[in-house]
Amino acid sequence: MADVSAEISRLVEIEELDGPAVESVLAAAGWSGERRNPSKSWATTWQRDDARAWIQGEDPVEVEFTLWFQEIEDDRPDPDAYLDDLCAVAVAKIPEVAAHLRSGVLGERLEEPEGEVTDADSCIEHRAWRVAGKELLVGVKQDDTDTPVQLVVVLREPRADDHPHAPGSPGILR
């Protein structure tokens with residue numbers, strides 16, 4: 001499984017995540033990029049060995065690394081048990097990824113969030129931190145019953161309405 005702690009440590013130093021800056025970090029770290037979205041001036045889809053990365057959204061962008069995924073096989077005798085097993089395998093990998101992040105350059109800078117981070121509820125299980133004003137999440141997700149179970153690391157700017165000190169915010173993170 002890929003260790004993306006070096007990439008994350010470089011990305012958190014970018015004041016506001018934008019496509020060209022993230023592209024530069026990924027390219028320098030040996031990722032191969034492909035420009036799949038013609039409306040973007042940067043490569044949005046990346047690969048290094050078995051890991052994938054996506055630059056998503058508009059400025060500020062978010063970066064999602066997929067470190068592990070398993071396709072769902074339709075011909076299983078007990079699909080629910082099979083899916084539960086896949087999720088359990090992925091969830092068991094969260095501590096390893098968290099340990100990589102904590103033992104690297106970011107270690108002392110990772111702060112527990114005061115509340116939930118953006119879109120954490122889209123994960124089956126997750127760990128999250130704040131670092132350099134950004135949200136960092138390690139989680140297991142499955143977007144739909146036909147899609148793979150994935151172990152992801154996501155770095156994003158907090159949404160303005162989710163930041164406890166943003167004008168008009170409710171003062172808590174959702």
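Could you figure out which of (1) out of contact with any Pro (no Cβ under 7 Å at 6 or more places or on another chain); (2) hydrophobic (A, V, I, L, M, F, W, C); (3) over 25 Å from residue 135 (Cβ atoms) isn't true of residue 87?
The failed condition is (3).
Collect the residues in the range 12-27 that are touching a residue at least 60 places away in the same chain (Cβ under 8 Å) and surrounded by fewer than 21 Cβ atoms within 10 Å (Cβ to Cβ), keeping them in residue-number order.
Within the range 12-27, 12, 13, 16 qualify.
Sort through 107, 57 and tell me the only one that's farther than 26 Å from residue 144 by Cβ and not hydroxyl-bearing (Ser, Thr, Tyr).
107
Can you tell me which residue within the range 85-106, out of those that are closer than 20 Å to residue 156 by Cβ and touching a residue at least 12 places away in the same chain (Cβ under 8 Å), is surrounded by the fewest Cβ atoms within 10 Å (Cβ to Cβ)?
By that ranking, first place goes to 105.
All but one of (1) surrounded by fewer than 16 Cβ atoms within 10 Å (Cβ to Cβ); (2) modelled with pLDDT under 90 hold for residue 109; which doesn't?
Result: residue 109 fails condition (2) only.
What pairs come out if I take residues in the range 110-121 that are free of Cβ contacts under 8 Å to residues at least 24 places away in the same chain and over 20 Å from residue 5 (Cα atoms) and pair them with residues that are among the small types (Gly, Ala, Ser) and surrounded by fewer than 18 Cβ atoms within 10 Å (Cβ to Cβ) whose C-beta lies under 7 Å away, six or more apart or interchain?
If the second residue must be among the small types (Gly, Ala, Ser) and surrounded by fewer than 18 Cβ atoms within 10 Å (Cβ to Cβ), no pairs are left.
Mind checking which residues of the range 33-75 are farther than 28 Å from residue 133 by Cα and touching a strand residue (DSSP E or B) at 6+ places or on another chain (Cβ under 6 Å)?
Hits for the range 33-75 are 34, 36, 69, 70.
Pull out all pairs, ordered by first then second residue, where Cβ-Cβ is under 9 Å, the residues are six or more apart or on different chains, the first lies in the range 69-84 and is aromatic (Phe, Trp, Tyr), and the second is assigned to a loop (DSSP other than H, G, I, E, B) and exposed (fewer than 11 other Cβ atoms within 10 Å of the Cβ).
Sorted first by the residue in the range 69-84, then by its partner, the pairs are 82/73.
Residues that are at negative phi, surrounded by fewer than 18 Cβ atoms within 10 Å (Cβ to Cβ), at pLDDT 95 or above and not polar (S, T, N, Q): does the range 38-48 have at least one?
Within the range 38-48, one or more residues are at negative phi, surrounded by fewer than 18 Cβ atoms within 10 Å (Cβ to Cβ), at pLDDT 95 or above and not polar (S, T, N, Q).
The values are calculated or read from the model by the stated rules, or taken from the named source; none is laboratory data. Not measured: the values here are computed from a predicted model. Every residue, glycine among them, receives a Cβ derived from its backbone with ideal geometry; neighbour counts consider all protein chains shown.
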